[in-house]
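Everything on this sheet refers to the single structure shown next.
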Amino acid sequence: MIAMALACRPKLVIADEPTTALDVTIQAQILDLLQDMKERFGMAVMLITHAMGVVAETAQRVVVMYAGKVVEEAPVDELFGNPRHPYTQGLIRSIPRIDLDAAHKTRLEAIGGSVPILINPPPGCRFAARCKYAMSICTEKEPRLREIAPGHRMACHLGDVS
């Protein structure tokens, strides 16, 4: 599939879960291949994945989505170093950490609750029912995506002064 996608020398390749269900060795080979093709052909790669480790290692810019809505967008170092949206924070806390796990035997943190049914999405923020910081406005009004720092955008009522 990757060879077929690259045959026409596209300016953009959209790779939707290219490493899902692959062992780490094959996963690394696929990511290396995409990086090599990106550099060789001067193309951009949009990587769609749930694997936050893959994101941390390969992305330059990250867009985090929840239930079909963008909740946070930032350069990769900024997002992992200073996640601002509660969903992004939960995702990052759920990444296994070998350096801590070996010494402390900690359990991975889960995000409680259930994903909303998107045929009839709830009003307001789609993450509100699962958010430990939810306020009444969260279930009433959809938060707008706004810049909270240079190049860092978030859709959340937390800290919203407007």
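Under a GNM of the chain (C-alpha, springs under 10 Å), which listed residue has the highest mean-square fluctuation: His50, His85, His152?
Among His50, His85, His152, the largest mean-square fluctuation in the Gaussian network model of the chain belongs to His50.
Considering just Cα atoms, how many Å³ per residue does the convex hull of the range 1-59 enclose?
Values: hull volume 4.4 nm³, N = 59.
Cα convex hull per residue, to the nearest whole number: 74 Å³.
Report relative contact order for the chain in percent, whole number only (criteria: Cα-Cα under 8 Å, sequence separation at least 6). Please report the intermediate quantities before stating the final value.
On the way: 188 pairs, mean separation 28.4, N = 162.
Value for the chain: 18 percent.
Could you calculate the contour length gain from Arg40 to Leu145, that is, 0.36 nm times the residue separation minus the distance between their Cα atoms, to one decimal place in nm?
Numbers: separation 105, 0.36 × 105 = 37.80 nm, distance 3.45 nm.
Computed gain between Arg40 and Leu145 is 34.3 nm.
Would you kindly work out the equivalent ellipsoid of the chain from its C-alpha gyration tensor and give its semi-axes, the square roots of five times the eigenvalues, largest first in whole Å? Mind showing how you got there, number by number?
Numbers: eigenvalues 186, 86, 48 Å².
So the three semi-axes of the chain are 31, 21, 16 Å.
List the aspartates and glutamates whose Cα sits under 19 Å from the Cα of Lys11, skipping any in the same chain fewer than 8 residues away.
Asp32, Asp36, Glu39
For Val115, what charge total do you get from the other residues with a beta carbon under 15 Å from its beta carbon, if Lys and Arg give +1 and Asp and Glu give -1? Kindly include the intermediate steps, with their values, before the conclusion.
Values: positive: Lys69, Arg126, Arg130; negative: none.
Once all neighbours under 15 Å are counted, the net charge is +3.
Could you give me the ³J(HN,Hα) list for the range 67-76, computed from phi with Karplus coefficients 6.51, -1.76, 1.60 and θ = phi - 60°, whole Hz, x at Gly and Pro?
6, x, 10, 6, 10, 7, 8, 6, x, 4
Between Phe127, Phe41, Phe80, which gets the highest mean-square fluctuation from a Gaussian network model of the chain, Cα cutoff 10 Å?
Phe41
Under the rule of at least 5 residues apart or a separate chain, name every residue whose amide H is placed under 5 Å from the amide H of Ala155.
The answer is Glu72, Arg146.
Quick one: net charge around Ala67, please, counting Lys, Arg +1 and Asp, Glu -1 for every other residue with C-beta under 12 Å from its C-beta. Could the numbers behind the result be given before it?
Working: positive: Lys69, Arg126, Arg130; negative: Glu142.
Counting the neighbours of Ala67, the net charge comes to +2.
Looking at Met46, Cys8, Ala59, which one has the Cα that reaches farthest to the positive end of the dipole of the range 1-59 (charges on Cβ: Lys, Arg +1; Asp, Glu -1)?
Result: Cys8, furthest along the dipole toward the positive end.
How far is helix 24-41 tilted, in degrees, relative to the longest principal axis of the Cα atoms in the chain, given as a value from 0 to 90 rounded to the nearest 10?
80 degrees
Got a sec to turn the phi values of the range 120-125 into Karplus ³J(HN,Hα) couplings, 6.51 cos²θ - 1.76 cosθ + 1.60 with θ = phi - 60°, whole Hz, x for Gly and Pro?
Each residue's phi maps through the Karplus curve to give 9, x, x, x, x, 6 Hz.
All of the numbers you see were taken from the coordinates with simple rules; none came from a lab. Computed from a predicted model, the values in this text were never measured in an experiment. Virtual Cβ from ideal backbone geometry, glycine too; neighbours counted across all protein chains shown.
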